[in-house]
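Peer 1: Structure provided below as structure tokens; questions to follow.
The values are calculated or read from the model by the stated rules, or taken from the named source; none is laboratory data. Since this is a predicted model, take the numbers as computed values, not measurements. Every residue, glycine among them, receives a Cβ derived from its backbone with ideal geometry; neighbour counts consider all protein chains shown. Each accessible area value is taken on the protein alone, full model and side chains, heavy atoms only, with ligands, DNA and RNA left out. Shrake-Rupley method; radii C 1.70, N 1.55, O 1.52, S 1.80 Å.
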Amino acid sequence: VQQTFDNIDKTDPKIGAFLALNKEAALKKAAEIDAAGVDADNVLSGIPLAIKDNIVTKGLTTTAASKMLENFKPIYDATVVEKLAALGTVNVGKTNMDEFAMGGSTENSAFKITKNAWDQDRVPGGSSGGSAAAVASGQVIAALGSDTGGSIRQPAAFNGIVGMKPTYGRISRWGLIAFASSLDEIGPMTRTVKDNATLLSALAGHDGHDLTSSTQEVPDFAAELNDTTSVKGMKIGLPTEFLGEGVDEGVKAAILAAADKYRELGATVEEVSLPHNKYGVAAYYIIASSEASSNLQRFDGIRYGYRADDVTNLEDVYVKSRSEGFGDEVKRRIMLGTFSLSAGFYDAYFKKAAQVRTLIIDDFKAVLKDHDFIMGPVTPTTAFKIGDEISDPMTMYMNDILTIPVNLAGLPGLSLPAGQVAGLPVGMQLIGRPFDESTLYKAGYVFE
Ligand code: GLN
């Protein structure tokens with residue numbers, strides 16, 4: 001743990017992955033573990049890891065990268081934080097992100113810019129960009145992220161690491177600062193598939209605090225990863241839409257090479273279609289923003305965080321605190337969301353988006369009925385330059401065209417490295433049936 005902090009002190013001025021370090025408490029815990037003796041049967045005992053700053057940590061500042069929560073010290077731990085702590089991991093700090101997880105480059109943080117671990121002129125992706133950069137740069141071997149529309153998988157892809165967005169409900173969201181509750185999911189970000197599998201088993205399971213958390217049995221995912229023969233005989237779908245217009249040629253080539261590898265190992269890969277995939281981004285920005293506009297009502301200048309000075313009445317407290325506390329992207333979502341939900345526009349926008357969501361779910365169901373999983377790229381391109389897309393929300397939103405449908409359908413999605421284009425990592429995405437993360441890990445392990 002001491003070495004981890006020494007390394008972070010050396011590397012973080014260049015990477016900017018962390019918003020807060022947990023030095024004192026982490027070293028104290030490490031000393032306790034040393035004194036008690038590391039538990040040889042528990043691979044997580046004494047492992048330093050990092051936590052995205054929208055996951056609450058008792059007594060440790062949790063900001064969601066927003067001025068609104070600049071000095072917010074939670075009074076409880078998120079369920080995932082509690083579970084990891086009980087298994088003996090050591091929380092070294094909180095990682096940077098897009099404000100309230102809204103964004104795809106970590107440039108929407110109110111506090112700092114995080115750099116891609118491979119090329120410091122480029123974004124680390126987002127919104128879990130701090131977690132991805134911390135893992136990819138070797139600061140920690142694992143970090144927690146959250147994924148509402150791609151926020152674990154896209155930064156994992158941009159930094160050449162492994163990221164899992166589990167099935168909706170697999171992991172408790174208690175203590176995750178809510179963005180869009182029907183889409184949000186916490187997940188592990190690691191350097192290897194096996195580490196990722198180990199962490200998912202540790203994080204998953206039912207939680208009485210989150211009624212959407214599932215009672216499905218949680219396998220020992222890592223124990224199932226022993227060789228590459230398990231893909232033999234599997235049927236894999238490669239959607240035409242995932243290799244269509246806008247997808248970089250180098251990214252396509254990397255995915256096709258991975259498909260060949262699966263064929264070599266005895267799987268069949270065939271072209272399939274997800275015809276409504278192209279409406280995913282549009283539906284998502286209505287649904288996610290609507291839910292966000294409701295979830296973010298709690299930041300009213302009274303109950304949590306930032307309160308504006310110089311206010312003359314109650315209305316002023318709300319208006320000024322929210323105007324000054326939220327950044328531009330968050331305000332854009334709140335406006336889009338309240339508009340979509342408003343009486344005159346609900347049918348045309350929110351309801352329509354919900355109907356499109358059902359079509360997207362049905363597309364996946366049809367393909368996954370007779371395919372073990374779906375493969376494709378995580379993003380159309382590799383990591384882009386800092387500053388290149390931030391001024392144009394539509395371009396930024398289109399980054400998630402291949403990840404968003406997976407959240408809309410609540411399915412598990414694994415992002416893992418699949419080669420490079422011009423010295424930058426390409427991410428491959430494996431999408432599975434509900435609660436079948438096992439198959440994704442087995443298929444991902446082929447490339448370990
Ligand atoms: N980039 C997407 C957005 O801005 C997804 C973010 C996320 O998954 N939290 O909404």
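Peer 1: Starting from the Cα coordinates of the stretch 69-151, work out the convex hull volume and express it per residue in Å³.
Peer 2: 102
Peer 1: Any chance you could check the Cα centroid distance between the stretch 297-365 and the stretch 177-211 for me, in angstrom?
Peer 2: 25
Peer 1: Rounded, prolate or oblate: pick one for the stretch 238-343, where a ≥ b ≥ c are the square roots of the eigenvalues of its C-alpha gyration tensor, a/c under 1.5 means rounded, and failing that, prolate if a/b is larger than b/c, else oblate.
Peer 2: Prolate is the answer for the stretch 238-343, as a/c is 1.5 or above and a/b outweighs b/c.
Peer 1: P(r) for the stretch 115-199: what percent of alpha-carbon pairs falls in each 10 Å bin, starting at zero?
Peer 2: Calculated P(r), rounded to whole percents: 21, 52, 24, 2.
Peer 1: Sticking with this structure for a sec: Mind checking which aspartates and glutamates have their Cα closer than 16 Å to the Cα of Lys331? Skip sequence neighbours fewer than 8 apart in that chain.
Peer 2: Asp98, Glu99, Glu107, Glu291, Asp300, Asp392
Peer 1: Okay, next question. Taking the simple approach of a point 7 Å from Cα along Cα-to-Cβ for both Thr215 and Tyr76, what is their distance in nm?
Peer 2: Rounded to a tenth, the inter-label distance reads 2.1 nm.
Peer 1: Using a 10 angstrom cutoff on alpha carbons, build the Gaussian network for the chain and name the most mobile of Gly103, Gly244, Gly145.
Peer 2: Residue with maximal mean-square fluctuation among Gly103, Gly244, Gly145: Gly244.
Peer 1: If I build a Gaussian network model for the chain, linking alpha-carbon pairs within less than 10 angstrom, which residue out of Ala25, Ala40, Ala180 has the largest mean-square fluctuation?
Peer 2: Of Ala25, Ala40, Ala180, the most mobile in the Gaussian network model is Ala40.
Peer 1: Using the heavy atoms of the protein chains alone and a 1.4 angstrom probe, what is the accessible area of the chain per residue in square angstrom?
Peer 2: Accessible area per residue, the chain: 39 Å².
Peer 1: Of Lys28/Lys115; Lys194/Lys369; Lys252/Lys278, which sit over 22 Å apart, Cα to Cα?
Peer 2: Lys28/Lys115; Lys194/Lys369
Peer 1: Still on this structure, I have one more. Roughly speaking, what is the centre-to-centre gap between the stretch 95-112 and the stretch 14-74 when only Cα atoms are used, to the nearest Å?
Peer 2: For the stretch 95-112 versus the stretch 14-74, the Cα centre distance is 19 Å.
Peer 1: How much mean residue ellipticity at 222 nm does the chain get from its helices, if each DSSP H run of length 4 or more adds -39500 (n - 2.57) and you divide by all residues, to the nearest 500 deg cm²/dmol?
Peer 2: When only DSSP H runs of four or more count, the value is -11000 deg cm²/dmol.
Peer 1: If you don't mind, another one. Among the listed pairs Lys29/Lys94; Lys14/Lys52; Lys23/Lys165, which have their C-alpha atoms separated by more than 27 angstrom in this model?
Peer 2: Pairs exceeding 27 Å: Lys23/Lys165.
Peer 1: Report the Cα-based extents of the chain along its three principal axes, largest first, to the nearest Å.
Peer 2: Its Cα atoms span 70, 64, 44 Å along the three principal axes.
Peer 1: How much length, in nm to one decimal, is gained on full extension between Glu271 and Thr229, taken as 0.36 nm per residue of separation minus their Cα-Cα distance?
Peer 2: 12.9 nm
Peer 1: Contact order normalised by length for the stretch 279-340, with contacts defined as Cα pairs under 8 Å and 6 or more residues apart; what percent is it?
Peer 2: Here the relative contact order equals 49 percent.
Peer 1: Treating cross-link reach as a plain straight distance, find the aspartates and glutamates whose alpha-carbon is under 12 Å from the alpha-carbon of Lys232, omitting any fewer than eight places away in the same chain.
Peer 2: Glu264, Asp372
Peer 1: Can I ask one more? Starting at the first residue of the stretch 376-385, write each ³J(HN,Hα) from the Karplus equation 6.51 cos²θ - 1.76 cosθ + 1.60 with θ = phi - 60°, in whole Hz, x for Gly and Pro.
Peer 2: Running phi through 6.51 cos²θ - 1.76 cosθ + 1.60 with θ = phi - 60° gives x, x, 7, 9, x, 9, 7, 4, 9, 6 Hz.
Peer 1: Now for a separate question. Compare Glu24, Glu107, Glu324 in a GNM of the chain, Cα atoms joined below 10 Å, and give the one with the largest fluctuation.
Peer 2: Maximum fluctuation in the GNM of the chain, among the listed residues, is at Glu24.
Peer 1: Then there's this: Is the stretch 176-254 best put as rounded, prolate or oblate by its Cα gyration tensor, with a ≥ b ≥ c the root eigenvalues, rounded for a/c under 1.5, and otherwise prolate when a/b is larger than b/c, oblate when not?
Peer 2: Cα axes put the stretch 176-254 in the oblate bin.
Peer 1: Using Cα centres only, tell me the gap between the stretch 126-170 and the stretch 413-448 in whole Å.
Peer 2: 13
Peer 1: Let me ask something additional. Under 5 Å between amide hydrogens, which residues at least 5 positions from Phe72 or on another chain qualify, with H placed 1.01 Å from N in the peptide plane?
Peer 2: Excluding prolines and chain starts, which carry no amide H, the hits are Thr62.
Peer 1: Please say if the stretch 337-448 is rounded, prolate or oblate, where rounded means a/c under 1.5 for a ≥ b ≥ c the square roots of the C-alpha gyration tensor eigenvalues, and otherwise the choice is prolate for a/b larger than b/c and oblate otherwise?
Peer 2: Because a/c hits 1.5 or more and a/b fails to exceed b/c, the stretch 337-448 counts as oblate.
Peer 1: Also: Using a 1.4 angstrom probe on heavy atoms only, work out the carbon and sulfur share of the accessible area of the chain in %.
Peer 2: 52
Peer 1: For every other residue with a beta carbon closer than 13 angstrom to the beta carbon of Pro219, add +1 if it is Lys or Arg and -1 if Asp or Glu, then tell me the sum.
Peer 2: Net local charge, Pro219 excluded: -3.
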